[in-house]
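**Student:** Supplied in structure tokens, the structure appears directly below.
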Amino acid sequence: MAQKLEFRLNFDDSLEDYVRKNYPKVKNYRILTKSLDARGAPTGKNPTYHYIIEILDGKEDEAPSVDFKAYQFKGQKPLIIGAGPAGLFAALRFAEYGVACQIVERGNEATKRMLSISRFWKHGDLDSETNVCYGEGGAGLFSDGKLISRVKSDLIGYVMQKFVDFGAPEETAYISNPHLGSNKIRTIITKMTNHLKQLGHEIYYNNRMEKILTEGKKVIGVELLDGTKLYSDYILLATGHSAHEIYYHLNELGVTMKAKDFAVGVRIEHPRKWIDQIQHGRFAESLESARYRLSYHDKKSDAGTYSFCMCPGGYVLSSGTDQDGIVVNGMSNYARNSPWSNSAIVVTVKANQDFGSGLFDGLEYQREIERKAYELSKEVATGKELPAMTLGEFIKGKLNTNPLPKSSSPSRLVKADIIKLFPPKIIQHLKQGFAQFDKNIHGFAYEDALLIAPETRTSSPITILRDKSSLESISHSGLFPCGEGAGHAGGITSAAVDGVKVVDSIMKKYLRLK
């Protein structure tokens, strides 16, 4: 077994020099993990990097390749619905087994999505099929490109290495909380899909799945928007958290689902230098853009308020999918060099408590906030602008006559009372959260920080139930719900891992059936 070494170095010390001086016999090594600890930076304590390295003896320079056999499905190729992280990593895993797939994506290719999205951000012209949420790469294509995951899985290393194989920086495989940025991840996704096409995968773009075809409680294929019918005994449903119409269709088919908790709130934006200074102190100009992760739990209501999808040096985006709804999200590029940093600040809402007991009540709760945001924007502008107010105005509950601070958003903002968008519980918990977060990070509750609303698409409000072992729908054989839209993942990494897990499960089942 290879020897491992663990140590900490000051942020500006050379790892190469340290190893050469302290371990002169070591000729080659591999970094397993690297994480920054800057907790003491605001008080002047030197930030450190925590390293774990593996000593190589020359025979372990390359990770062993997985020896998959090529299996030929007797029937039609497996069907993957959705080309986001879950769908694409499922396709990559199938390819390692030698199995080509059919992939259906309602939106456009990654390189072409930007044209539609740019028009939307600049002019408010929404393409309901190709937007920030729909299209090759999924919603993660226009996010921070964070590969953070709270799930524990042996497959996380596999996913990280795949990103490296398709062009991510080498450090992605070992650094703590790696970040690709929206600009890099678009290039990586394009390389992935080109690779899949070369291996015989068929990808249907701009063609939404309209129906799942069944025989009794068994799925046999799908019908697309243009009438095309594709058949398969194995259908991976990876449609993402915003394809709401799929839940209604599944309900009509009798697919077993249940309502789940999610979170709603606002996106807060500070000047990046402000966050860098209060987080990194005198090291602000020497370290990468500062991140934060905040949470507050109210014991009385048993509700959590927390930061979500923090984007240092990023942008606030208009991310809606409906003509009569407004949604915001955050994104940053690899360099994280925008003059602003932003994060969602959201409050947990619970099924059977904050909304009704019906399957679609959470989804309607979500949509009502989005519609209110559109109506509020339309009251004071045209309905295409994002409603915003300062944190100071939010805390006082009253707008002043000052203009809004400058923002990173490529879309126009309009000054509006965003308190009107949310139930009183959400407003109360947001205010409590901001007060607590200012204690955690002194200066966080900066009066001129900008609040842009609403942030509602934190996760799916519905879970498509599946067997814990086979990962197959508990009601319909051949249907494999996966990723964020199925309620089994949250973020790029966990969705990718889930897609891989589902494919491994299918192959185990297929080999047994053979």
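**Student:** Run the helix sum for the chain: -39,500 (n - 2.57) per DSSP H stretch of 4+ residues, divided by residue count, reported at 222 nm to the nearest 500 deg cm²/dmol.
**Tutor:** -9000 deg cm²/dmol
**Student:** Starting from the alpha-carbon convex hull of the stretch 261-455, give the projected area averaged over all orientations, in nm².
**Tutor:** Seen from a random direction, the Cα hull of the stretch 261-455 projects 11.0 nm² on average.
**Student:** Round to a whole angstrom and tell me the spacing of the C-alpha centers of the stretch 400-463 and the stretch 71-133.
**Tutor:** 32 Å
**Student:** Taking every DSSP beta bridge with both residues inside the chain, roughly what % is antiparallel (nearest 5)?
**Tutor:** Values: 59 of 77 bridges.
Given both bridge residues lie in the chain, the antiparallel proportion sits at roughly 75 percent.
**Student:** Which FRET efficiency, nearest 0.05, do ASP17 and HIS195 yield, Cβ-Cβ r, R0 30 Å?
**Tutor:** Values: r = 38 Å, r/R0 = 1.27.
Result of the calculation: an efficiency of 0.20.
**Student:** Still on this model: At most 13 other Cβ atoms within 10 Å and a DSSP loop assignment: could you name the GluC sites (Glu not before Pro) in the stretch 254-363 that fit?
**Tutor:** GLU285
**Student:** Still on this structure, I have one more. To check my understanding: the extent here is largest minus smallest coordinate of the Cα atoms along each principal axis. What are those three numbers for the stretch 4-55, in Å, largest first?
**Tutor:** 38, 19, 11
**Student:** Hey, could you get me the Stokes-Einstein D for the chain, Kirkwood radius over alpha-carbon pairs, 4 °C and 1.567 mPa s, rounded to whole µm² s⁻¹?
**Tutor:** In µm²/s, the coefficient is 54.
**Student:** Same structure again: Using the Cα centre as the reference, give the magnitude of the dipole from point charges on the C-beta atoms of the stretch 261-455 (Lys, Arg: +1; Asp, Glu: -1; all else neutral), rounded to the nearest 20 debye.
**Tutor:** Around 440 debye, computed over the stretch 261-455.
**Student:** Ordered by packing density, taken as the mean number of other Cβ atoms within 10 Å over each peptide's residues, highest first, how do 113-125, 201-213, 235-247 rank?
**Tutor:** Result, highest mean first: 235-247, 201-213, 113-125.
**Student:** Checking the table LYS122/LYS197; LYS260/LYS420; LYS378/LYS398; LYS77/LYS184 against a 21 Å threshold on Cα-Cα, which pairs fail?
**Tutor:** The answer is LYS122/LYS197; LYS260/LYS420; LYS77/LYS184.
**Student:** Tell me which residues come under 5 Å, amide H to amide H, from ILE103 once H is placed; ignore anything under 5 positions away on its chain.
**Tutor:** ILE80, GLU202, ILE203, TYR204
**Student:** Using alpha-carbon positions, what is the distance between the centroids of the stretch 207-257 and the stretch 171-197, in Å?
**Tutor:** Their Cα centres are 29 Å away from one another.
**Student:** Relative to the present Cα-Cα distance, how much length would full extension add between SER295 and SER153 at 0.36 nm per residue of separation?
**Tutor:** Working it through step by step, the gained length comes to 48.7 nm.
**Student:** Also, I was wondering about something else. Run through the DSSP bridge list for the stretch 261-455 and note the antiparallel percent, rounded to the nearest 5. Mind dumping the intermediate values first?
**Tutor:** Working: 30 of 34 bridges.
The antiparallel proportion sits near 90 percent.
**Student:** Under 13 Å from the Cβ of ASP276, count the other residues' Cβ atoms, weight Lys and Arg +1, Asp and Glu -1, and hand me the total.
**Tutor:** Working: positive: ARG272, LYS273, ARG282, ARG291, ARG336; negative: GLU285, GLU288.
Result for the local shell: +3.
**Student:** Something else: Using Cα positions and a limit of under 25 Å, work out the lysines in reach of LYS4, with same-chain residues fewer than 8 apart set aside.
**Tutor:** Output for LYS4: LYS21, LYS25, LYS27, LYS34, LYS59, LYS152, LYS162.
**Student:** Quick one: compute the contact order of the chain, relative version, from alpha carbon pairs under 8 angstrom and 6+ residues apart, as a percent.
**Tutor:** Computed over the chain, the figure is 18 percent.
**Student:** Still on this structure: Rank by packing, highest mean first: peptides 33-43, 448-458, 462-472, with packing defined as the count of other Cβ atoms within 10 Å averaged across residues.
**Tutor:** Result, highest mean first: 448-458, 462-472, 33-43.
**Student:** Write down Rg/Rh for the stretch 204-336, rounded to two decimals, with Rg from the C-alpha atoms and Rh from the Kirkwood relation over Cα pairs.
**Tutor:** Values: Rg = 21.6 Å, Rh = 19.3 Å.
Expressed as Rg/Rh, it is 1.12.
Readers should treat all values here as calculations from the given coordinates under stated rules, not as data from a laboratory. Since this is a predicted model, take the numbers as computed values, not measurements. A quick note on method: Cβ atoms are made from the backbone with ideal geometry, for glycine too, and the neighbour counts reach across all protein chains shown.
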